[in-house]
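K.L.:
What follows is a structure written as structure tokens; I'll ask about it next.
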Amino acid sequence: MGDLLNALAVAGKSALGFQAVFFALLAIGLNVHFGYTGLLNFGQIGFAMLGGFGIAISVTQWGLNFWVGVVVGLAAAVFLALLLGLPTLRLRADYLAIATIAAAEGLRLLFRSVSASPVTGGTRGLAGFNGAFISLAPWDTSRRYPILGTRWSGGELWVALVGWVLVALLCLLVWLLMRSPWGRVLKAIREDEDAVRALGKNVYLYKMQSLVLGGVMGALGGMVYVVATGAANPDQFQNANTFLAYTVLILGGSARVLGPVVGAVILLFVIQFADTGLRALIGNGVIPEGLLSATDVAQIRFVLVGLGLMLLLVFRPQGIFGDRREVMLDAR
Amino acid sequence: MPAENTPAGNTPAANTPSGAHAASLEKGGTHRAAPQRLAQAALRDVPWEVGVAKPDPVVVVENVTRTFGGLTAVSVDRLEIQRGGITGLIGPNGAGKTTLFNLLTGFDQPNTGTWSFDGRPLGKLAPHQVARLGVVRTFQLTKALSRLTVLQNMLLGAQGQKGESFLRALVPGSWRNQERANTDKAMDLLRRFKLDAKKDEFAGTLSGGQRKLLEMARALMSDPQVVMLDEPMAGVNPALTQSLLGHVKDLREEGMTVIFVEHDMDVVRDISDWVVVMAAGRVIAEGPPESISQNQAVVDAYLGAHHDAPLTVEEEDRVLAQAEAQIAAEEHGGGEVIGSDTTSTGKDGR
């Protein structure tokens with residue numbers, strides 16, 4: 001019983017911590033891209049990496065102010081979006097998918113390469129750039145605070161709080177945009193580009209705006225991540241994270257304002273609960289060591305997540321918040 | 001040749017359909033027939049020739065060609081569309097009708113040629129720029145935006161919306177009044193097309209015919225000057241066809257120019273003021289609807305030459321004699337004497 005409570009508490013911390021914020025921000029961006037505009041961005045993590053390294057490089061290498069670093073990171077994400085969008089947004093949707101997945105992986109390999117290490121720190125990455133931000137916390141960041149059965153460091157708490165405020169603001173932004181005529185054009189582009197062109201809308205411009213907006217949200221996610229961990233390392237930004245963010249989006253409900261947020265909280269909770277829970281069960285001998293060892297848990301929890309997602313898609317294809325009527329229209 | 005202009009026979013025949021559709025217009029009234037007669041009257045003295053100049057052309061196409069590899073999909077030397085009239089574009093499958101539509105609306109670019117709308121050249125314009133000038137189109141395969149509601153579909157058609165710019169979208173106060181006005185306008189149109197009860201349904205749940213209606217209504221939201229309908233009646237049940245026809249005629253009454261592609265000749269005869277026939281990428285005939293069914297080039301294009309002339313005995317003999325003479329000539333040229341049934345193998349052997 002104590003183990004169960006402990007697993008719940010640890011999972012709860014994970015579901016409210018910076019990692020959930022990270023995935024929520026990535027998924028909010030993907031929601032703008034995929035959920036509303038129908039753009040297939042398979043390289044959202046590339047935007048996050050530029051955001052994170054924007055701060056890291058600006059502060060540690062160039063000696064700039066933390067907030068200037070934030071602006072640099074956002075500008076880099078805008079630049080990447082324009083660079084990817086200019087050639088591909090005139091073409092079929094597949095080309096953006098190809099270009100983004102290649103760009104995200106290419107950027108990561110470039111950042112971890114030996115020739116780039118004077119700037120990016122190579123495989124060791126960069127550290128020590130979040131002091132200016134952590135010191136803004138209104139409480140003592142060197143202490144640990146007990147919350148809901150687990151202990152949070154003051155810094156963790158501060159980053160998570162600012163992160164969730166950011167998530168709330170971006171949700172408000174998405175809500176405002178998607179109820180406006182601008183959002184209506186985006187949704188129409190998702191349904192049929194040519195029809196929208198025939199009605200006098202500049203589809204290319206809208207797709208570009210959407211790509212930039214969602215990319216900037218991804219960059220903010222990357223910033224939260226590196227500030228929370230205090231280090232920026234290219235290998236933190238594996239493209240598997242993009243697909244976890246898609247999982248979050250589909251779990252919560254695509255094209256819903258709060259879908260990505262709820263999806264992120266649930267996914268992180270389930271992963272952490274499965275991890276802690278399984279470890280506890282193995283430790284207690286409930287699961288015999290021969291069947292499953294503690295070292296397998298890291299893999300098994302993703303198998304469980306995959307199974308859960310399959311069940312979700314079978315029984316609730318619209319996700320938690322989605323409108324089943326809307327999803328079933330595709331089948332016609 | 002289609003040059004035989006018979007204005008005398010034109011007038012009574014043209015008036016019959018106008019009487020028929022006056023009944024289908026719900027509001028009725030004598031003033032409504034006037035603009036239609038205007039276009040018809042203007043076209044009365046126009047000779048029935050391919051590429052003929054119209055008294056008041058709104059769209060002019062010159063030397064437009066479009067090839068896909070070796071295939072010439074469209075090759076139109078000159079085509080003028082009369083303002084305020086309904087022009088039917090017909091032709092067998094693969095005649096290039098839809099390709100011409102795509103070229104006119106910027107969805108495709110031609111290899112050569114120029115075309116203009118209201119004297120303004122349309123070459124090199126993107127589809128949305130063409131639409132903003134007032135030329136809207138519908139599609140052969142209906143493009144209802146499935147996961148938007150019927151009302152949202154309609155609102156999308158409105159032009160010059162302030163709330164469609166990214167920054168203004170964030171300030172609802174800047175677009176709310178315009179949105180309200182657009183909604184009123186959309187509801188008026190939906191009532192006209194009997195879709196008002198469905199305004200909050202997803203467009204994807206509408207039937208095929210209702211989608212056609214929605215697409216037409218959505219195009220009208222932009223107050224177009226030229227409406228291009230690509231097979232508006234395809235796959236629509238006969239009852240709905242009548243109401244669609246009424247709507248198309250209404251557009252003309254409101255002073256719009258309508259160009260439509262259609263395969264149903266009854267529909268074409270009923271509503272068009274002028275018919276353009278395409279085959280193999282070319283315009284092969286032009287004229288008022290009643291001139292078309294008598295046109296030999298059109299009949300040939302649709303049914304093949306000699307489709308309806310039963311062979312008489314004399315003609316059969318003549319054709320046979322011709323063929324025999326040909327075979328004889330061939331045999332003579334080859335210097336061989338073989339049966340006609342082995343001619344081809346004989347050729348291969350040579």
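K.L.:
Mind counting the residues in region B:160-175 that are touching a residue at least 12 places away in the same chain (Cβ under 8 Å), over 29 Å from B:His247 (Cα atoms) and out of contact with any Lys or Arg (no Cβ under 7 Å at 6 or more places or on another chain)?
P.N.:
From region B:160-175, those touching a residue at least 12 places away in the same chain (Cβ under 8 Å) are B:161-163, B:174-175; that's our starting set.
Add one more test, that the residue is over 29 Å from B:His247 (Cα atoms), and what stays is B:162-163, B:174-175.
Among the residues that remain, those that are also out of contact with any Lys or Arg (no Cβ under 7 Å at 6 or more places or on another chain) are: B:163.
Qualifying residue count, region B:160-175: 1.
K.L.:
Which condition number in (1) more than 7 Å from every other protein chain (Cβ to nearest Cβ); (2) more than 18 Å from the chain's Cα centre (by Cα) is the one that A:Lys201 fails?
P.N.:
Single failed check for A:Lys201: (1).
K.L.:
Of (1) touching a Ser or Thr at 6+ places or on another chain (Cβ under 7 Å); (2) surrounded by 14 or more Cβ atoms within 10 Å (Cβ to Cβ), A:Arg179 satisfies all except one. Which?
P.N.:
(1)
Rundown of residues vs (1) among the hydroxyl-bearing types (Ser, Thr, Tyr); (2) more than 18 Å from A:Leu39 (Cβ to Cβ); (3) assigned to a helix (DSSP H, G or I), yes/no style:
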{"residue": "A:Gly218", "(1), (2), (3)": "no, no, yes"}
{"residue": "A:Tyr225", "(1), (2), (3)": "yes, yes, yes"}
{"residue": "A:Gly263", "(1), (2), (3)": "no, yes, yes"}
{"residue": "A:Ile266", "(1), (2), (3)": "no, yes, yes"}
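K.L.:
Another question, if that's okay. Identify all residues within region A:140-167 that are polar (S, T, N, Q) and part of a loop (DSSP other than H, G, I, E, B); write none if there are none. Break it down stepwise before answering.
P.N.:
Of the residues in region A:140-167, the ones polar (S, T, N, Q) are A:141-142, A:150, A:153.
Answer for region A:140-167, where residues must be polar (S, T, N, Q) and part of a loop (DSSP other than H, G, I, E, B): A:Thr141, A:Ser142.
K.L.:
Can you give me the number of residues within region B:93-114 that are out of contact with any helix residue (DSSP H, G or I) (no Cβ under 6 Å at 6 or more places or on another chain) and either under 19 Å from B:Val261 (Cα atoms) or within 14 Å of chain A (Cβ to nearest Cβ) (or both)?
P.N.:
Quick first cut of region B:93-114, residues out of contact with any helix residue (DSSP H, G or I) (no Cβ under 6 Å at 6 or more places or on another chain) only: B:93-104, B:109, B:111-114.
Narrowing the set further to residues that are either under 19 Å from B:Val261 (Cα atoms) or within 14 Å of chain A (Cβ to nearest Cβ) (or both) leaves B:93-104, B:109.
The total comes to 13.
K.L.:
Restricting region B:173-200 to residues that are among the basic types (Lys, Arg) and closer than 20 Å to A:Pro181 by Cα, which is surrounded by the fewest Cβ atoms within 10 Å (Cβ to Cβ)?
P.N.:
Keep residues of region B:173-200 that are among the basic types (Lys, Arg), which gives B:176, B:180, B:185, B:191-192, B:194, B:198-199.
Subsequent filtering for residues that are closer than 20 Å to A:Pro181 by Cα retains B:176, B:180, B:185, B:199.
Numbers: B:Arg176: 13, B:Arg180: 10, B:Lys185: 17, B:Lys199: 17.
Result: B:Arg180.
K.L.:
Restricting region B:152-169 to residues that are of a type in the set (A, V, I, L, M), more than 7 Å from chain A (Cβ to nearest Cβ) and in contact with a helix residue (DSSP H, G or I) (Cβ under 6 Å, 6 or more places away or on another chain), which is farthest from B:Gly208 (Cα to Cα)?
P.N.:
Applying the first criterion (of a type in the set (A, V, I, L, M)) to region B:152-169 yields B:154-156, B:158, B:167, B:169.
After this cut, where a residue has to be more than 7 Å from chain A (Cβ to nearest Cβ) as well, the list is B:154, B:158, B:167.
Then keep just the ones that are in contact with a helix residue (DSSP H, G or I) (Cβ under 6 Å, 6 or more places away or on another chain); that gives B:154, B:158.
Numbers: B:Met154: 17, B:Ala158: 23 Å.
Going through the qualifying residues, I end up with B:Ala158.
K.L.:
Within region B:212-219, is there a residue that is away from chain A (no Cβ under 14 Å) and acidic (Asp, Glu)? Spell out how you get there, then give the answer.
P.N.:
Narrowing region B:212-219 to residues away from chain A (no Cβ under 14 Å): B:213.
Filter once more, keeping what is acidic (Asp, Glu): none.
Looking through region B:212-219, none of the residues is away from chain A (no Cβ under 14 Å) and acidic (Asp, Glu).
K.L.:
Here is a further query. List the residue pairs whose Cβ atoms are under 8 Å apart, where the first residue sits in region A:167-187 and is closer than 19 Å to B:Leu156 by Cβ and within 9 Å of another protein chain (Cβ to nearest Cβ), the second is outside any helix (DSSP H, G or I) and charged (D, E, K, R), and the two are 6 or more positions apart or on different chains.
P.N.:
Going by the 8 Å Cβ cut-off, the qualifying pairs are A:Val185/A:Lys201; A:Lys187/B:Arg147.
K.L.:
So which residues in region B:125-163 are polar (S, T, N, Q), surrounded by fewer than 18 Cβ atoms within 10 Å (Cβ to Cβ) and part of a helix (DSSP H, G or I), if there are any at all?
P.N.:
Selection gives B:Gln129 alone.
K.L.:
Additional query: Which one of these does A:Val72 not meet: (1) in contact (Cβ under 8 Å) with a residue 24 or more places away in the chain; (2) assigned to a helix (DSSP H, G or I)?
P.N.:
In the conditions (1) in contact (Cβ under 8 Å) with a residue 24 or more places away in the chain; (2) assigned to a helix (DSSP H, G or I), A:Val72 misses (1) alone.
K.L.:
Oh, and also: Can B:Thr241 be described as within 20 Å of the chain's Cα centre (by Cα), hydroxyl-bearing (Ser, Thr, Tyr) and over 24 Å from B:His128 (Cβ atoms)?
P.N.:
Spelling it out, B:Thr241 is indeed within 20 Å of the chain's Cα centre (by Cα), hydroxyl-bearing (Ser, Thr, Tyr) and over 24 Å from B:His128 (Cβ atoms).
K.L.:
Filter region A:82-139 down to the residues that are small (Gly, Ala, Ser), free of Cβ contacts under 8 Å to residues at least 40 places away in the same chain and not in a helix (DSSP H, G or I) and list them by number.
P.N.:
A:Ser113, A:Ser135, A:Ala137
K.L.:
For region A:298-332, give me each residue that is modelled with pLDDT of 80 or more, assigned to a helix (DSSP H, G or I) and within 14 Å of another protein chain (Cβ to nearest Cβ).
P.N.:
Within region A:298-332, the first condition is being modelled with pLDDT of 80 or more, and the residues that meet it are A:298-321.
From the residues that got through so far, the ones that are assigned to a helix (DSSP H, G or I) too are A:298-315.
Residues satisfying the conditions do not exist here.
K.L.:
Moving to a separate point now. Do we find a residue being under 17 Å from A:Lys187 (Cα atoms) and in contact with an Asp or Glu (Cβ under 7 Å, 6 or more places away or on another chain) anywhere in region B:190-203?
P.N.:
Yes, region B:190-203 contains at least one residue that is under 17 Å from A:Lys187 (Cα atoms) and in contact with an Asp or Glu (Cβ under 7 Å, 6 or more places away or on another chain).
K.L.:
Hey, does region B:219-231 have a residue that's of a type in the set (D, E, K, R), crowded, with 21+ Cβ neighbours inside 10 Å and in contact with a Pro (Cβ under 9 Å, 6 or more places away or on another chain)?
P.N.:
no
K.L.:
May I pose another question? Please go through region A:283-304 and pick out each residue that is surrounded by 11 or more Cβ atoms within 10 Å (Cβ to Cβ) and either closer than 28 Å to A:Phe243 by Cβ or touching a His at 6+ places or on another chain (Cβ under 6 Å) (or both).
P.N.:
Step one: filter region A:283-304 for residues surrounded by 11 or more Cβ atoms within 10 Å (Cβ to Cβ), giving A:283, A:287, A:292-294, A:296-298, A:300-304.
Correct list: A:Leu292, A:Ser293, A:Ala294, A:Asp296, A:Val297, A:Ala298, A:Ile300, A:Arg301, A:Phe302, A:Val303, A:Leu304.
Here's the yes/no breakdown for (1) in contact with a Leu (Cβ under 6 Å, 6 or more places away or on another chain); (2) farther than 21 Å from A:Val167 by Cα; (3) buried (at least 24 other Cβ atoms within 10 Å of the Cβ); (4) among the aliphatic types (A, V, I, L, M):
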position	(1), (2), (3), (4)
A:Asn41	no, no, yes, no
A:Ala56	yes, yes, yes, yes
A:Phe66	no, no, no, no
A:Val71	no, no, no, yes
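K.L.:
I would also like to ask the following. Return yes or no: is A:Arg190 over 20 Å from the mean Cα position of the chain (by Cα) and without any contact (Cβ under 8 Å) to a residue 24 or more places away in the chain? Spell out the reasoning first.
P.N.:
On the way: over 20 Å from the mean Cα position of the chain (by Cα): yes; without any contact (Cβ under 8 Å) to a residue 24 or more places away in the chain: no.
Criteria not met by A:Arg190.
The values are calculated or read from the model by the stated rules, or taken from the named source; none is laboratory data. As the structure is a prediction and not an experimental result, all values here were calculated from the model. Every residue, glycine as well, gets a Cβ built from its backbone with ideal geometry; the counts of neighbours run over all protein chains shown.
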